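First the structure, in the form of structure tokens, and then the observations on it.
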Amino acid sequence: MPATNTAAEVVLIPPGTVAESSADGAAIEVPPNGPRLFVLDLVITEVIEQESLEISIWGSADGQDWGKMPLLKFPQQFYRGTARMVLDLTGRRGSPAAHAALT
């Protein structure tokens with residue numbers, strides 16, 4: 001059965017998370033017959049002056065090797081607000097996992 005191409009919303013970084021240093025989020029499994037399009041919303045509710053936030057999404061077919069390049073990287077954020085991006089895994093083989101990295 002071919003993979004579904006409907007969009008799905010997922011939470012990689014729980015609301016209310018305070019980013020104080022670089023960190024990796026928990027991995028989520030992407031089922032082989034599950035959605036391949038993901039709507040990612042980054043919502044920043046509070047900021048510290050002259051600080052920025054970078055979020056990247058990494059993928060791995062085996063949950064061990066996350067590669068050298070992220071699947072998606074949000075533009076650097078300096079202010080409160082919402083940024084939305086779409087992660088399309090349609091062309092990726094296997095049952096990848098994904099996780100968010102804060103820097």
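Each value in this text was obtained by applying a stated rule to the coordinates, not by laboratory testing. Treat the numbers as computed from the prediction; the structure is a model and nothing was measured. Cβ placement follows ideal geometry from the backbone for every residue including glycine, while neighbour counts extend to all protein chains displayed.
On the basis of the beta-carbon distance and an R0 of 30 Å, residue 69 and residue 28 show a calculated FRET efficiency of 0.95. Rg over Rh for the range 29-83 works out to 1.06, both radii taken from alpha-carbon positions and Rh defined as the Kirkwood radius.
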